[in-house]
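What follows is a single structure, written as structure tokens, with notes after it.
The values are calculated or read from the model by the stated rules, or taken from the named source; none is laboratory data. On a predicted model such as this, the values are computed, not experimentally measured, just so you know. Heavy atoms of the whole protein, side chains included, go into the accessibility calculation; ligands, DNA and RNA do not. Shrake-Rupley method; radii C 1.70, N 1.55, O 1.52, S 1.80 Å.
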Amino acid sequence: LKVRASFTAALTALGLYVYPSAGNFVLVRFGAAAEEIRLKLKERGILVRQMGAYQMPDCLRVTIGTADEMASVAEALK
């Protein structure tokens, strides 16, 4: 819970909308750039899930990992 809360706060500080979550992932709205961001993260070895199949092509699902892993994702999104 702590890691998810910290990660959500970091993304919110970047101006991103993070949907409320009680699971082991967060759903983040990136807008029209979602696919471009997904590909850039993939280049860095960070895999996130596309949400187009759920009628949310502007969002990506990020699974919560360790505190260090989530810090790396937040840093990559800066």
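So the values come out like this:
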{"quantity": "Solvent-accessible area per residue for the chain (1.4 angstrom probe, square angstrom)", "calculated": "65 Å²"}
{"quantity": "Kirkwood Rh, Cα atoms: Rg over Rh of the chain", "calculated": "0.92"}
{"quantity": "Relative contact order %, region 1-61, counting alpha carbon pairs below 8 Å whose residues are six or more apart", "calculated": "27 percent"}
{"quantity": "Equivalent ellipsoid, region 20-64 (semi-axes from 5 times Cα gyration tensor eigenvalues, Å)", "calculated": "16, 14, 8"}
{"quantity": "Largest-first ordering by accessible area, 1.4 Å probe, given options 44, 61, 29", "calculated": "44, 29, 61"}
{"quantity": "Highest-MSF residue in the chain out of 22, 67, 32 [GNM, Cα springs under 10 Å]", "calculated": "22"}
{"quantity": "Surface share of carbon and sulfur [accessible, 1.4 angstrom probe, percent] for region 1-50", "calculated": "56 percent"}
